[in-house]
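Since the structure comes first, as structure tokens, the remarks are kept for the end.
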Amino acid sequence: MLIVSVILLIGVPFLIGAVNGVTPSLKGFLIGFAKVGIIYIPVAIVEFLVYTPMLGAGGSYLAFITGNVTNMKIPCAMNARDIAKTKVGTPENEIISTISVATSAIVTTLVIVAGVILMIPLRPVLENPVLIPAFDNVVPALFGALGLKYFMKSPKIAAVPVLSMTLLCVFVPAAISQTSLLMIPAGGMALLIGYFLFKKGKL
């Protein structure tokens with residue numbers, strides 16, 4: 001089923017191109033793929049290794065097939081896990097994760113359908129210059145609210161990664177658009193700090 005889903009996802013652009021008699025050049029395709037792949041292939045591998053234990057088999061399958069994993073599925077699953085008070089690696093956690101991811105996918109689909117239907121009537125409101133800055137900051141605000149809860153649980157572990165990534169984004173503004181890549185060094189620092197604190201008995 002996973003292979004069929006991947007083929008269908010990749011095949012849609014080629015099908016549209018074949019119907020309209022338009023196909024990209026192989027050279028252009030490979031150049032474009034290389035620019036994107038060099039970033040997102042390692043990120044995809046890391047996300048798979050990090051998120052699969054959190055979501056379990058069922059939740060991981062739904063999350064990676066429906067997409068929007070980091071922005072929607074993971075926060076939803078983590079919030080559901082906290083509410084249900086389940087632990088990672090247990091059957092209860094896998095059930096909760098699968099239900100939460102499925103619910104997130106359904107709600108996202110319904111919101112997209114509603115958005116498509118209401119796009120024309122609401123266009124003047126959505127394109128209002130006063131509201132544009134708010135829309136640009138929805139995702140940072142979401143992750144800031146979600147992250148603070150977990151930072152407060154382990155401030156000793158979170159302090160150095162948060163401070164270092166904040167300083168990096170302040171002094172290198174271009175890094176702000178590469179948050180997926182920044183998760184790798186930040187996560188590595190958190191793991192190392194947690195390991196040393198655990199060894200010293202300070203956790």
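3J(HN,Hα) couplings calculated from phi for the stretch 105-111 with the Karplus curve 6.51 cos²θ - 1.76 cosθ + 1.60 (θ = phi - 60°) are, in sequence order, 5, 5, 4, 4, 4, 5, 5 Hz; Gly and Pro show x.
Tell me which label goes with the value of volume of the Cα convex hull per residue in Å³ computed from the coordinates here: (i) 187; (ii) 111; (iii) 148. Computing volume of the Cα convex hull per residue in Å³ and matching it to (i) 187; (ii) 111; (iii) 148 gives (i). Which whole-number percentage describes the relative contact order of the stretch 13-128, with Cα contacts under 8 Å and a sequence gap of 6 or more? Normalised by residue count, the contact order of the stretch 13-128 is 23 percent. Report note on the peptides 70-83, 116-129: ranked by the mean count of other C-beta atoms within 10 Å, highest first, their order is 70-83, 116-129.
Across the chain, the mean sequence separation of Cα contacts (distance under 8 Å, 6 or more residues apart), normalised by length, yields a relative contact order of 15 percent. The order of Ile41, Ile3, Ile95, going from fewest to most other C-beta atoms within 10 Å of their C-beta, is Ile3, Ile41, Ile95.
Backbone phi angles across the stretch 78-94, fed through the Karplus curve with coefficients 6.51, -1.76 and 1.60 (θ = phi - 60°), yield HN-Hα couplings of 5, 5, 5, 5, 5, 5, 7, 6, 9, 10, 4, x, 9, x, 4, 5, 5 Hz in residue order; Gly and Pro are listed as x.
A simple packing score, the average count of other Cβ atoms within 10 Å per residue, orders the peptides 59-66, 136-143 as 59-66, 136-143, with the highest score first. Once the Cβ-Cβ distance between Lys200 and Asp136 is put in as r, and R0 is 41 Å, what FRET efficiency do you end up with, to the nearest 0.05? Once rounded, the FRET efficiency stands at 0.45.
In the structure shown, the pairs Lys87/Lys156; Lys73/Lys153; Lys156/Lys202 are assessed against 19 Å; a Cα-Cα span above that value is assigned to Lys87/Lys156; Lys73/Lys153. The stretch between Cys169 and Leu110 holds 17.8 nm of extra length on full extension. This uses 0.36 nm per residue minus the Cα-Cα distance. Across the stretch 181-186, rounded Karplus estimates of 3J(HN,Hα) from the backbone phi angles (6.51 cos²θ - 1.76 cosθ + 1.60, θ = phi - 60°) give 6, 5, 5, 5, x, 5 Hz, Gly and Pro being marked x.
For the chain, the mean residue ellipticity at 222 nm estimated from helices alone is -28500 deg cm²/dmol, where every DSSP H run of n ≥ 4 contributes -39500 (n - 2.57) and the total is divided by all residues, rounded to the nearest 500.
FYI, it's all coordinate maths here, none of it is from the lab. In this text, all values refer to a predicted model and were calculated from it rather than measured experimentally. Neighbour counts run over all protein chains shown; Cβ positions are idealised from the backbone, glycine included.
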